[in-house]
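In what follows, a structure is listed as structure tokens, so that the remarks can point back to it.
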Amino acid sequence: MAGNKGRGRAAYTFNIEAVGFSRGERLPDVVLKPPPLFPDTDYKPVPLKTGEGEDYMLALKQELRETVKRMPYFIETPEEKQDIERYSKRYMKVYKEEWIPDWRRLPREMMPRKKFKKAGPKSKKVNDTGKDTSLTNTADVLKKIEELEKRGDGEKSDEENEEKEGSKEKSKEDEEEEEDDAAEQEEYDEEEQEEENDYINSYFDNGDDFIVDSDDNMDEATY
Amino acid sequence: MTQAEIKLCSLLLQEHFGEIVEKIGVHLIRTGSQPLRVIAHDTRTSPDQVKKALCVLIQHNLVTYQVHRRGTVEYEAQCSRVLRMLRYPRYIYTAKTLYSDTGELIVEELLLNGKMTMSALVKRVADRLTETMEGTDGKTMDYAEVSSTFVRLADTHFVQRCPLVSPTENSEPGPPQPAPTLVINENDMYLVPKLSLIGKGKRRRSSEDDATGEPKAKRLKHSTDNKEPIPDDGIYWQANLDRFHQHFRDQAIVSAVANRMDQTSSEIVRTMLRMSEITTPSGAPFTQPLSSNEIFRSLPTGYNISKQVLDQYLTLLADDPLEFVGKSGDSGGGMYVINLHKVLGSLATATLESVVQERFGSRCARIFRLVLQKKHLEQKQVEDFAMIPAKEAKDMLYKMLSENFMLLQEIPKTPDHAPSRTFYLYTVNILSAARMLLHRCYKSVANLIERRQFETKENKRLLEKSQRVEAIIASMQATGAEEAQLQEIEEMITAPERQQIETLKRNVNKLDASEIQVDETIFLLESYIESNTKRQ
């Protein structure tokens, strides 16, 4: 297209004069960098509104910001341990009242499962230390692994590792099952549902955080 | 959901509920509805924490849940509701102006807790009010007084019931459902349960409850066993934000009329709005028609204007080119309505005009208004009509075009779209300009919050120090220390440090005030966009 326009002329497909440039005038440079982060403004901003209402709302806003930090809904991230324990830290702990959600209004899965959790950490710890109960049941575990290997013949070896650990988990839960009474049947259904799920295996394997957490507040139904 | 909105949601959630809730909330906003397990997996958070975070979000009405076909529960974030957190101070302040301190505390507690039962709310507000009544010993706040304010708030629809848990669930055979179904009963939305709340607010002076040494859970059981079941158990209340918005809108209309005409006409419009407050749904384009006789009867008693004057005012208002007030009939001495849709459009246009004026100067604003008025204009026409030299006018037009305040419409004379045979018409599309401006407002608020957090973080050490010194001084004053000692402690903060704190305070105040005021613009633009999308 541009070729047949001849030499030395800007190859525009439209008449530049229509956009407001006279013939031969230099066009502005092409901008290749992003605009500045804090550009100069041609006009200064107007001052903010002030008045009694505005002042009160400002005070309210700042007070509200402090208040929400003291509400039970404010979940703080577990702090990483500091090298030096600060004396002042002890006095900066804020008192929070506990909050018991109305479980009737929440989906059932929200409810922390008390029974399960009490039993949970025990078996988890066992998993960590690796000995104790699991030794007594080694035969059981081995049998499970064999079963799984047979079942998972076609699967990749990568997954097998996961499966094994998952099966350990399962066997442990089997133990619990024996201990638990029929009253827990309802809760157990859910667990079984979970086991059918893929997520649970991978999740339990590297769920280090989970163990720590559930240890902390294993028998508290309150948030 | 634009990036700017997500960013703002994230900052708001973080300030209100901490980082974990923020992580879960933002994840839900980004991805839409998801089941618990997927959330935990994708955010790499332990299910326990996800549960906690979801509980908090559901409690505050920021997340809703829905049972899926296969029995899984999916959670969905209400993004626009999250953005409302920015407006909390304004809601509370409004409650204060309407229903004094008691109303203020009721709304504040509701916003802080998401939802509460009436009995718990009344108790808490009475306690708080009693605590503030220091000095006058023995004076306490009566529960009855707080509940009467609450009833008034419910009558004017500023608070409403949360959806109830449907009772059919329990009687159903088979395994219980994974989640309760919540139903809204339209008729009792504002129905206050009959409660006999007798008692007075208590000061928290002694925590004898805590001193008993009983474990918490036990104590809880204790209290629920002993007392009769809570009378309004399960009936939760929340602040009705739409009603607050309606109030803000009405205020904006009244002040707009006052600015355009005079105080009397604004008072007439206020009366009309008040009369149709509850009868008109919040999204309606018009108020209910009101006859001039009705308006005359409802005017505030202190206002001494005769029927003739009122009729003159109403005709004047109806003749106004902005069409805030329209005449819908002649019966009953003339029926009048307020055209809410038109009002919001005018307010949004005025906002846009003033933004253009403050950003690009008055000459740009002249061009902007010109194009608004004439709808479509060619570049040459703009130069001529605005009486601005061609070069400058071009510059201004292009600037506004590049900032998206204006649009360029091509109308080709021939099908080949050749530039020389095409009309280029400049137009202003108010709706799209308002959307653009709204987006910018979200961005500015997010920037303001980030800046504020940065400023406070930079001076964290200094702030902590000053707080500590203040605490020491306060405790020394209580024990009756000498003036010299206090002076000594006060000097622990050096003059430059004091100056730095002053500067910081001033900056933070400015940033906070800006946040509140940008939100006012956000409110206007949102209402306009909402009223426009509803009509289509």
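Nothing in this text is a laboratory measurement; each read-out follows from the coordinates by a stated rule. Because the structure is a prediction, the values reported are computed rather than measured. Note that each Cβ is placed from the backbone with ideal geometry, even for glycine, and that neighbours are counted across all protein chains shown.
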Of the listed links B:K380/B:K413; B:K96/B:K327; B:K465/B:K510, those spanning more than 27 angstrom between alpha carbons are B:K96/B:K327
Against the empirical 2.2 N^0.38 Å scaling, what ratio does the C-alpha Rg of the stretch B:384-511 come to?
2.09
I want the local charge near B:N507. Using Cβ-Cβ distances under 14 Å, sum +1 for each Lys or Arg and -1 for each Asp or Glu among the other residues.
0
Rounded to whole Hz and in sequence order, give me ³J(HN,Hα) for the stretch B:379-388 from the Karplus expression 6.51 cos²θ - 1.76 cosθ + 1.60, θ = phi - 60°, writing x for Gly and Pro.
4, 4, 5, 4, 4, 5, 5, 7, 6, 10
Check: C-alpha center the stretch B:388-463 vs C-alpha center the stretch B:1-65, spacing in Å is 32
So what are the ³J(HN,Hα) numbers for the stretch B:433-440, from phi and the Karplus equation (6.51, -1.76, 1.60; θ = phi - 60°), rounded to whole Hz, Gly and Pro as x?
5, 5, 4, 4, 5, 4, 4, 5
Ranking of A:F74, B:F17 by count of other Cβ atoms within 10 Å, fewest first:
A:F74, B:F17
Could you list which residues have their amide H under 5 Å from that of B:M116, counting only those 5 or more apart in sequence or on another chain, with H placed in the peptide plane?
B:W237
Over 18 Å between Cα atoms: which of B:K7/B:K52; A:K69/B:K460; B:K460/B:K505; A:K49/B:K457 fall into that group?
B:K7/B:K52; A:K49/B:K457
What is the mean number of Cβ atoms from other protein chains located within 10 Å of the Cβ atom of each residue in peptide B:351-364, rounded to a whole number?
1
Work out the mean other chain Cβ neighbour count within 10 Å for the residues of B:53-60 and drop it here as an integer.
5
Which of the peptides B:470-478, A:42-50 is most tightly packed, and how do the rest follow, going by the mean number of other Cβ atoms within 10 Å of each residue?
B:470-478, A:42-50
List, in the order given, every pair from B:K394/B:K443; B:K307/B:K342; B:K342/B:K534 whose Cα-Cα distance in the structure shown is over 20 Å.
B:K394/B:K443; B:K307/B:K342
